[in-house]
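Below: one structure, written as structure tokens.
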Amino acid sequence: NLVRLLRNMRKELRSLGGEIRFGAKVTDLHIEDGIAKGVNVQYSQAIERGTSIPEQPQEGSELILGDAVVLATGHSARDVYEKLHESGVSLEPKGFAAGFRIEHPQTLINEIQYGREWGPTVVTGKITTDQTNRKYFEAFDDQEEHHDGKLPVPSYRLATDKAYDGSHSRGVYSFCMCPGGQIVPASTDPEEVCVNGMSFSRRDSEWANSALVVTVSPDDEVLEKYKEKHGVLAGIAFQRDM
């Protein structure tokens, strides 16, 4: 599974001489003559399950120097971009997608994708989920012919560039559609609520979910009121404001 895979990846990286430090937060860049030559790190206690952590600081701070600094920021790293901006690093805005995550009964997606004739043949192997699916289709009065068989749990994909917002058309699309799964919290700021979605390995949940997002370009009208105060970081301010 994914946990075992990541554990093996860390083991391999360490065998090649790499270091992985849990509980280490970069608080600032160390810049000399306009060149990033290291990072300041603040440590907090951390536990790595399933293996012993090589000796590393559990508290305090440290300056780590190197020949190069590579920022692999992932998502929600707004503080990193703000720190780069404060440090005089040249930044340029790029487009992003903003939206929300929607959740549906998986039985509804089964019906939409396979129809009432084939929808009952979706089998996950989980008794409660399969019973819910059978009962859903048995409730219809216009029963169509049913079939023996086993169809995979279906997903879907939506996309259009003609979604009208009242002034102009936008691109809207589904993203990270997760059949047979659940919505999970993914907040990185105590003052904000952010969620993500996942599928179970067997897709045997009674629920499906998907993100539905709209494209926001750097010159989008919704960012205009943020540009005067936040400049190149207008998109980040807009995200926070949501």
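The values are calculated or read from the model by the stated rules, or taken from the named source; none is laboratory data. Please read these numbers as outputs of a predicted model, since none were measured by experiment. All Cβ positions, even for glycine, are placed from backbone atoms using ideal geometry, and neighbour counts span all protein chains on display. In case anyone asks, the SASA skips ligands and DNA or RNA and just uses the protein heavy atoms, side chains included. Shrake-Rupley method; radii C 1.70, N 1.55, O 1.52, S 1.80 Å.
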**Request:** Answer with yes or no whether Arg157 is surrounded by 11 or more Cβ atoms within 10 Å (Cβ to Cβ) and either at positive phi or at pLDDT 95 or above (or both).
**Result:** no
**Prompt:** Counting only residues that are closer than 30 Å to Cys178 by Cα and of a type in the set (Val, Ile, Thr), which one in region 65-113 is most open to solvent (accessible area, probe 1.4 Å)?
**Reply:** Ile112
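Quick grid of which residues meet (1) in contact (Cβ under 8 Å) with a residue 40 or more places away in the chain; (2) over 24 Å from Gly74 (Cβ atoms); (3) out of contact with any Lys or Arg (no Cβ under 8 Å at 6 or more places or on another chain); (4) among the basic types (Lys, Arg):
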position	(1), (2), (3), (4)
His146	no, yes, yes, no
Lys150	no, yes, yes, yes
Val172	yes, yes, yes, no
Ser201	yes, no, yes, no
Lys227	no, yes, yes, yes
**Prompt:** Can you tell me which residues in region 91-123 are over 25 Å from the mean Cα position of the chain (by Cα) and in a loop (DSSP other than H, G, I, E, B)?
**Reply:** Val123
**Asked** Give me the pairs: first residue in region 61-90 and touching a residue at least 40 places away in the same chain (Cβ under 8 Å) and in a loop (DSSP other than H, G, I, E, B), second residue surrounded by 14 or more Cβ atoms within 10 Å (Cβ to Cβ) and of a type in the set (D, E, K, R), beta-carbon distance under 6 Å, and six or more apart or on different chains, which are they?
**Response** none
**Request:** Within region 156-197, work out how many residues are in a loop (DSSP other than H, G, I, E, B) and more than 21 Å from Ala208 (Cα to Cα).
**Result:** 9
**Request:** Filter region 198-242 for residues that are among the hydrophobic types (A, V, I, L, M, F, W, C), at pLDDT 90 or above and either under 30 Å from Thr128 (Cβ atoms) or not in a helix (DSSP H, G or I) (or both) and give the result.
**Result:** Met198, Phe200, Trp207, Ala208, Ala211, Leu212, Val213, Val214, Val216
**Request:** Can you tell me which residue among Gly171, Gly180 is more than 24 Å from Phe238 (Cα to Cα), touching a strand residue (DSSP E or B) at 6+ places or on another chain (Cβ under 9 Å) and small (Gly, Ala, Ser)?
**Result:** Gly180
**Complete:** Within region 162-189, the residues that are closer than 30 Å to Glu221 by Cβ and either basic (Lys, Arg) or modelled with pLDDT of 90 or more (or both) are Lys162, Arg170, Val172, Tyr173, Ser174, Phe175, Cys176, Met177
